[in-house]
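Contents: one structure, followed by commentary.
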Amino acid sequence: MTTSGVPELPADGLTFAYFSMEIAIDSAVPTYSGGLGILAGDTLRAAADLNIPAVGITLLHRKGYFRQHLDSTGHQSESEPAWSPERFLELIPHRVLVSLVDRQVQVQAWRYLVRGESGHSVPVYFLDTNLTENSPADRTITDYLYGGDNRYRLFQETVLGMAGVPLLRALGYQRIRAFHMNEGHSALLTLALMEEQTWGRGLQTATSADEEGVRQRCVFTTHTPVASGHDEFPLDLVRQTLGEERTNLLIRNQCCENGVLNMTTLALKFSRYVNGVSMRHEEVSRRLFTNHSIDAITNGVHAPTWTAPSFQRIYDRHIPEWRRDNLYLRYAVGIPLTDIWQAHKEAKQELVTEIERRTGIRLEPGVMTIGLARRATPYKRLDLLFYDLERLRRIVRQVGPIQVVCAGKAHPRDESGKVAIQRIFEAAARLQGAIPVVYLEDYDIAVAQRLCSGVDIWLNTPQKPQEASGTSGMKAALNGVPSLSILDGWWIEGHVEDVTGWSIGDGWRTETDRQAEVESMYDKLEFVILPTFYQRHNAFVSIMRSTIALNGSYFNAQRMLIQYLQNAYRRGGSIQP
Ligand SMILES: *Cc1c(COP(=O)(O)O)cnc(C)c1O
């Protein structure tokens with residue numbers, strides 16, 4: 001795969017402008033909550049590596065996403081992270097106005113440059129309403145990621161979409177091939193484009209040709225396979241916030257049903273290209289949105305970001321081209337098993353040391369270590385491993401020891417997610433003396449980097465078909481860590497039994513069956529994984545190596561971005577403003 005030879009846009013042009021409510025640029029910049037923001041950051045890092053002219057647009061989130069604290073029973077409390085935009089970002093002089101209810105709100109922006117392997121950089125603009133010209137309430141619009149009520153959320157989405165487009169123009173970007181909406185939060189950018197399209201004559205004059213003009217420039221990625229996961233706003237609130245004329249346009253375009261504006265419907269309506277984030281998710285989304293054509297581009301992760309230093313060193317030694325072109329990871333099949341194991345031992349030691357530093361708990365580097373981490377929310381079933389503690393104890397007695405490392409935040413309002421964390425703490429207490437279980441607080445990029453690379457297997461137990469993709473197993477794969485996972489999301493594509501890991505359950509077409517899945521998970525551990533780990537060392541390390549070659553070479557952000565270029569950005573569509 002190569003991107004050279006494809007004509008690019010001139011200097012003022014962008015291949016894509018990436019709009020996302022969260023963009024994870026750095027562990028110390030708490031403007032992201034999880035998967036969606038990490039994917040956005042990894043996409044832009046890949047664009048920088050591949051010399052693609054692109055920008056990212058997001059909100060500043062001055063008060064960030066919360067920090068997680070857990071007491072000795074696993075009860076979660078939250079605090080505001082302290083961070084100073086000045087330390088990481090550069091304030092730019094451009095300002096834009098966005099009309100909100102009965103007033104104009106001023107928006108400024110901060111810039112971060114994502115630098116690629118070869119020096120090309122991709123700017124990310126963080127929109128910020130905290131200006132003395134704005135009312136005290138308006139100054140807080142861009143403060144909290146996923147905080148506040150419906151009104152606050154609609155104000156945020158109005159700023160993201162409707163200030164983002166004029167900011168790009170103010171920065172001189174007139175030719176933009178694709179406006180990419182990463183999830184429906186930024187769908188109001190279509191209204192901003194429609195206002196450009198009908199400039200001087202008013203939105204009420206919009207024709208179907210104008211609508212098509214907007215559609216030709218927009219691309220939409222949906223991430224949520226459940227209907228209730230899509231943003232909706234009551235029409236009264238929309239009318240009050242956006243005004244009569246804009247609301248009428250949304251109604252005329254069938255984006256409002258049963259008295260609510262659905263942001264996914266809006267994004268679908270005005271996009272020339274729509275995709276889900278795995279093959280399975282495409283199928284589920286097609287059933288959810290029957291009137292739209294939906295494609296699939298399976299997620300990937302940014303390889304250098306998610307590869308531990310010890311593995312970076314052996315890749316640099318054996319396949320130095322891997323940084324420029326991740327496909328070279330295919331040739332990891334030629335790396336000696338002893339080198340793979342040595343790199344893994346180092347990554348595992350790093351994790352063990354970090355866990356001791358953070359918690360005082362000392363894990364045993366020689367013991368099979370199971371890692372699991374994700375947002376604590378019911379469908380992710382974070383605590384499924386601990387369903388039958390007797391069985392776990394028996395496995396350990398009969399086959400060999402295990403230890404478990406967990407992490408994940410629950411959204412402050414997600415009570416069942418919080419309860420799942422407490423259940424893990426209860427299980428840990430009951431397993432004391434038999435199976436060490438560590439729960440790391442405040443899951444973030446830095447924790448994920450250590451965790452995904454330092455464990456021996458990665459466990460993922462979502463309730464199918466609700467995992468749109470999942471990405472942490474991909475991070476693990478880049479470090480030779482095989483997955484034990486329910487066949488859902490990306491794992492349906494990445495799973496080759498005994499070669500890249502192991503499946504849980506009896507295939508992906510069947511209904512979810514918790515009891516059968518639990519049995520299958522324990523059976524795989526007892527009869528396949530632990531015996532291989534403890535008694536057939538070389539066989540286990542071979543599986544680690546083929547995990548890198550098969551899944552590291554494919555489930556990376558370079559492959560993903562090249563697919564976006566071929567299927568979404570460069571295909572069709574006018575680049576004129
Ligand atoms: C990768 C990552 C996620 C997303 O993991 P999934 O497997 O896609 O659910 C969430 N939070 C952090 C900190 C991550 O690094």
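The values are calculated or read from the model by the stated rules, or taken from the named source; none is laboratory data. Every value quoted in this text rests on a predicted model; they were computed, and no experiment measured them. Don't worry about glycine lacking a Cβ; one is built from the backbone with ideal geometry, like all the others, and counts go over all protein chains shown.
Worth a mention:
- Breaking point among (1) surrounded by 16 or more Cβ atoms within 10 Å (Cβ to Cβ); (2) closer than 23 Å to MET162 by Cβ; (3) in contact (Cβ under 8 Å) with a residue 40 or more places away in the chain, for SER99: (1)
- Residue within the range 360-380 that is among the polar types (S, T, N, Q) and either in a helix (DSSP H, G or I) or not assigned by TED's automatic domain parsing to the domain that holds GLY454 (or both) present: no
- Restricting the range 350-383 to residues that are touching a strand residue (DSSP E or B) at 6+ places or on another chain (Cβ under 9 Å) and at pLDDT below 95, the residue that is surrounded by the fewest Cβ atoms within 10 Å (Cβ to Cβ) is ASP383.
- Failed item in (1) away from the ligand (no atom under 16 Å from the Cβ); (2) under 21 Å from the mean Cα position of the chain (by Cα), with LEU382 passing the rest: (1)
- Failed item, numbered, when GLU22 is tested on (1) within 13 Å of the ligand (Cβ to nearest atom); (2) among the charged types (D, E, K, R); (3) at pLDDT below 95: (3)
- Residue within the range 259-276 that is surrounded by fewer than 16 Cβ atoms within 10 Å (Cβ to Cβ) and either touching a helix residue (DSSP H, G or I) at 6+ places or on another chain (Cβ under 8 Å) or farther than 19 Å from LEU36 by Cα (or both) present: yes
- Residue satisfying all of: in the range 471-483; closer than 28 Å to ASP513 by Cβ and in contact with a Ser or Thr (Cβ under 8 Å, 6 or more places away or on another chain); farthest from the ligand (Cβ to nearest atom) among these: PRO482
- Filter result (assigned to a loop (DSSP other than H, G, I, E, B) and within 13 Å of the ligand (Cβ to nearest atom)) within the range 30-64: PRO30, THR31, TYR32, SER33, GLY34
- Helices (runs of 4 or more DSSP H) wholly inside the range 262-332 containing at least 3 residues that are aromatic (Phe, Trp, Tyr) and more than 17 Å from TRP490 (Cβ to Cβ): none
- Test: residue in the range 246-257 that is of a type in the set (Lys, Arg), modelled with pLDDT of 95 or more and not assigned by TED's automatic domain parsing to the domain that holds ASP102: yes
- Enumeration of residues in the range 158-196 that are crowded, with 21+ Cβ neighbours inside 10 Å and over 18 Å from VAL96 (Cα atoms): ILE176, ARG177, ALA178, PHE179, HIS180, MET181, ASN182, GLU183, GLY184, HIS185, ALA187
- The number of residues in the range 392-450 being of a type in the set (S, T, N, Q) and either without any contact (Cβ under 8 Å) to a residue 60 or more places away in the chain or within 16 Å of the ligand (Cβ to nearest atom) (or both) comes to 4.
- In the set (1) at pLDDT below 95; (2) of a type outside the set (Asp, Glu); (3) surrounded by fewer than 22 Cβ atoms within 10 Å (Cβ to Cβ); (4) within 16 Å of the ligand (Cβ to nearest atom), the condition left unmet by ARG286 is number (4).
- Flag if LEU268 is aliphatic (A, V, I, L, M), within 21 Å of SER186 (Cβ to Cβ) and more than 22 Å from the chain's Cα centre (by Cα): no
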